[in-house]
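Read-outs: derived from the displayed coordinates by stated rules, not from any lab. Keep in mind that this is a model prediction, so the values were computed, not measured. Because the Cβ atoms are built from the backbone with ideal geometry, glycine has one as well, and the counts that use them run over all protein chains shown.
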Amino acid sequence: MKYSYNWLQSLLEKPLPPAAELGDLITFHSAEIEELIQGEADTVLDVKVLPDKSAWLMSHQGLAKEIAVITKNTLMSDPFLVPVIFDTSERIKVSLKSTTCDFYSAALITGVQVGPSPDWLKERLVAIGQRSINNIVDATNYVMFELGQPLHAFDADKLSHDTGYHIMVRNAYAEEKITTLTGEEYTLRDSDALIVDEVSDRPVGIAGIKGGVTAAVDTETTNIILESAHFDRFAVRKTAKALKLQTDASKRYENGICKAIAPIALKRVISLILEVAGGTAEAVTAVGDSSVLRHSVSVTLREVNALLGVALTMGDVEDILTRFAYAYYIDGDSITVTPPLERDDLCISEDLVEEIGRIYGLAQIVSIEPTVGAVTEINKRHYYGEKIRETLMALGYSEVYTSSFRNKDLVKIENALATDKGYLRSSLVENLREARTANLPHRDLLGLKAIKIFEIGTVFRVDSEEFRVCLAAQSGTTYKAKNDDVLIEEALIALAATLTVAPTVISREEGIVEFSLDQLLPQLPIVTAYEQVVTQSKISYRPFSLYPASSRDVALWVPEGVTAEAVMQVLTPAAGLVCVRLTHLDTFTKEGRTSYAFRLVFQSPVKTLTDIELQSVMDKVYTAISTAGFESR
């Protein structure tokens with residue numbers, strides 16, 4: 001959000017630091033300054049307001065209060081300190097027929113003169129990137145950017161008013177349409193909320209998002225109805241997303257602005273409109289409860305210092321809380337704070353610690369190197385998990401980590417991350433099967449005779465969790481050769497030798513086996529100490545190609561006594577740089593000659609190799625074989 005330096009200054013008693021210095025102070029204590037925009041008469045601070053502070057910081061008053069705390073300044077006034085309560089006027093009647101609205105206040109002002117805004121009002125709006133429209137609309141926008149509460153003005157004479165003004169908040173009818181102030185027509189769902197003229201049932205605005213053209217304020221307007229309401233943040237967000245219509249108003253509702261600010265903002269905008277457009281405030285009404293109860297939060301000084309790693313005194317903490325103007329009391333080592341109405345983010349003791357820490361200055365917290373202490377407890381599952389890893393990796397297995405989420409399974413997730421990740425896995429088998437299949441096409445490129453993978457991870461039942469181990473092997477291409485089970489059996493025998501207990505298999509199918517580590521642990525010897533970590537040799541990394549690999553096989557006769565290495569020295573230069581792997585597959589000797597079989601794997605770092613290109617390379621390979629005096633089979 002953009003903030004005017006001059007506007008902020010008008011809300012504070014003492015002079016502000018220079019804009020650049022102020023930007024640094026805000027960044028290191030409150031929210032990041034993304035940009036400082038220097039104008040001729042004003043500087044604009046573009047602040048990245050994060051979600052945890054957006055309910056109260058997306059306003060000039062909110063940021064001014066932060067600045068007052070950070071710089072030990074004083075607010076000119078704090079409008080949020082005293083709640084506003086309106087008496088109900090019979091001239092304006094409001095019906096709340098939608099659960100998306102729990103408070104709605106409205107005011108009637110007659111005799112206004114719609115025209116250009118005064119220069120000071122225009123300048124402040126233009127400075128933060130807003131277009132000046134007229135004094136009525138500008139006043140509602142000004143108060144929104146000042147206090148954070150969205151407001152709207154309707155032309156009262158365009159509403160039915162023979163028996164007073166009747167405003168209703170209701171859900172839209174399915175496929176109901178509305179044309180907004182900017183002329184776009186939107187088709188609504190029955191879950192979207194509307195502001196309507198109850199007598200004619202005509203929509204005059206999309207609740208919490210944008211006003212309609214039906215009751216738009218124009219140069220002929222003399223009487224207006226002002227709206228200041230509180231709408232459900234989730235409902236507003238869903239409607240704004242569905243309509244692809246995000247506005248300054250919807251952003252503030254989505255972030256959970258406090259409903260107690262609605263009547264405060266209405267009082268403020270009435271005063272401003274009377275100042276810039278004249279008129280008479282005839283009636284004000286409110287429906288619903290705008291009161292907010294903030295529960296007190298307690299923390300001890302010991303907890304503050306322990307979490308921050310500092311040595312603050314109670315006096316230091318009191319100074320910070322006093323600057324916030326929080327209601328608080330101290331009982332011995334305990335500090336109890338009652339947050340103000342606009343602060344819905346102070347709920348637990350850690351929130352208070354953060355609040356104290358950021359104002360104290362996180363940059364003042366010195367890093368302390370942790371001391372090395374003796375291990376007091378041996379994690380048996382971790383110990384034997386490492387033993388299993390070492391044993392399997394020694395047999396050529398690679399560990400994989402697969403997702404805990406599945407498209408379908410036993411345990412459904414209440415808020416799924418995606419449509420194909422709506423369940424928790426109840427077994428590792430399906431994931432290992434998919435990983436094995438995905439890795440199989442790369443077997444030649446990796447120079448592997450078989451794909452051998454394993455995973456150690458948690459599986460989930462409706463009322464429990466379990467730590468399991470799953471192995472998968474496949475030696476063929478798409479055909480599962482019979483020796484897959486032999487590879488798995490070798491791994492199980494090796495694990496039994498390492499653990500001194502044979503794992504009890506839960507699930508077995510061709511080339512895949514799964515067992516429970518949790519069920520196995522009670523049978524394993526007690527662990528008294530971790531083993532010394534073996535220093536691994538350094539491994540260098542080079543980028544891999546994103547393009548597919550292709551393989552070709554060659555077989556040839558050579559005189560007895562010629563080694564496979566000697567033949568590879570002939571094949572390698574002929575195959576060229578696109579040959580990324582040359583593997584010796586087979587050897588047999590017959591009648592004084594030796595037959596060798598090799599697999600050549602080709603891959604380019606910049607493109608997919610065509611059959612024509614590969615055939616050209618293979619022709620060179622066969623020529624080299626012939627030149628060396630060997631015979632291709």
Options Val527, Gly279, Thr594, ranked by Cα towards positive dipole end of the chain, top entry (Cβ charges): Thr594
Could you pull out every one of the lysines with an alpha carbon less than 21 Å from that of Lys421, ignoring same-chain neighbours closer than 8 positions? Lys408, Lys412
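Filter the GluC sites (Glu not before Pro) in the stretch 555-633 to those in DSSP coil with at most 13 other Cβ atoms within 10 Å of their Cβ, and list the result. Please list the in-between numbers first.
Values: sites: Glu560, Glu565, Glu591, Glu613, Glu631; in loops: Glu560, Glu591.
Passing both the DSSP loop test and the Cβ count: Glu560, Glu591.
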Report, in whole Å, the centroid distance computed from the Cα atoms of the stretch 203-246 and the stretch 440-468. 54 Å
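With an 8 Å cut-off on Cα pairs and a minimum separation of 6 or more residues, tell me the relative contact order of the chain in percent. Walk me through the intermediate numbers first.
Numbers: 1150 pairs, mean separation 63.3, N = 633.
The normalised contact order for the chain reaches 10 percent.
Given charges of +1 on the Cβ of Lys and Arg and -1 on the Cβ of Asp and Glu, with all other atoms neutral, how large is the dipole of the chain about its Cα centre, in debye to the nearest 20?
Value, rounded to 20: 1920 debye.
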Which percent, nearest 5, of DSSP beta bridges in the stretch 380-523 are antiparallel? 90 percent
Options [x] -0.54, -0.81, -0.94; [y] -0.61, -0.86, -0.94; [z] -0.38, -0.65, -0.80 - which one matches log10 I(q)/I(0) by the Debye sum over Cα atoms at q = 0.06, 0.08, 0.09 Å⁻¹ as calculated here: [y]
Going down the table (Lys53/Lys244; Lys48/Lys241; Lys380/Lys452; Lys210/Lys244; Lys2/Lys53), which pairs top 18 Å between alpha carbons? Lys53/Lys244; Lys48/Lys241; Lys380/Lys452
Sort all Cα-Cα distances of the stretch 1-96 into consecutive 5 angstrom bins from zero, then give the percent of pairs in each bin up to the one containing the longest distance. 2, 12, 22, 22, 14, 8, 5, 6, 5, 3, 0
How far, in degrees from 0 to 90, does helix 429-439 lean away from the longest principal axis of the Cα atoms of the chain, to the nearest 10? 70 degrees
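In the stretch 507-577, which chymotrypsin sites (Phe, Trp or Tyr not before Pro) are in a loop and have at most 11 other Cβ atoms within 10 Å, using DSSP for the loop call? Working shown, then result.
Details: sites: Phe515, Tyr530, Tyr541, Phe544, Trp557; in loops: Tyr530, Tyr541, Phe544.
Passing both the DSSP loop test and the Cβ count: Tyr541, Phe544.
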Output the relative contact order of the stretch 92-288, whole-number percent, from Cα pairs under 8 angstrom with separation of 6+ residues. 36 percent
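Using a simple charge model, +1 on the beta-carbon of Lys and Arg, -1 on the beta-carbon of Asp and Glu, nothing else, what dipole does the stretch 279-418 show about its Cα centre, in debye to the nearest 20? Before the final figure, lay out the partial values.
Working: 12 positive and 22 negative charges, 170 e Å.
Result for the stretch 279-418 is approximately 820 debye, rounded to the nearest 20.
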Extreme residue, positive dipole direction of the stretch 380-523, given options Ser426, Val486, Val501 (C-beta unit charges): Val486
So for the chain, taking the charge dipole from beta-carbon charges (+1 Lys/Arg, -1 Asp/Glu), which of Ile178, Phe467, Val204 sits furthest toward the positive end? Phe467
Given Cα pairs under 8 Å that are at least 6 residues apart, what percent is the relative contact order of the stretch 1-68? 39 percent
Mind sorting His230, His166, His584 by how few other Cβ atoms lie within 10 Å of their own Cβ, fewest first? His584, His166, His230
Charge dipole (debye, nearest 20) of the stretch 461-554; +1 at Cβ of Lys and Arg, -1 at Cβ of Asp and Glu: 500 debye
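Suppose we keep just the DSSP beta bridges with both residues in the chain; what percent of those would be antiparallel, to 5? Don't skip to the end; give the middle numbers.
Values: 99 of 107 bridges.
Roughly 95 percent of the beta bridges in the chain run antiparallel, per DSSP.
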Value of [θ]222 nm, deg cm²/dmol, for the chain, DSSP H segments ≥ 4, -39500 (n - 2.57) each, nearest 500: -9500 deg cm²/dmol
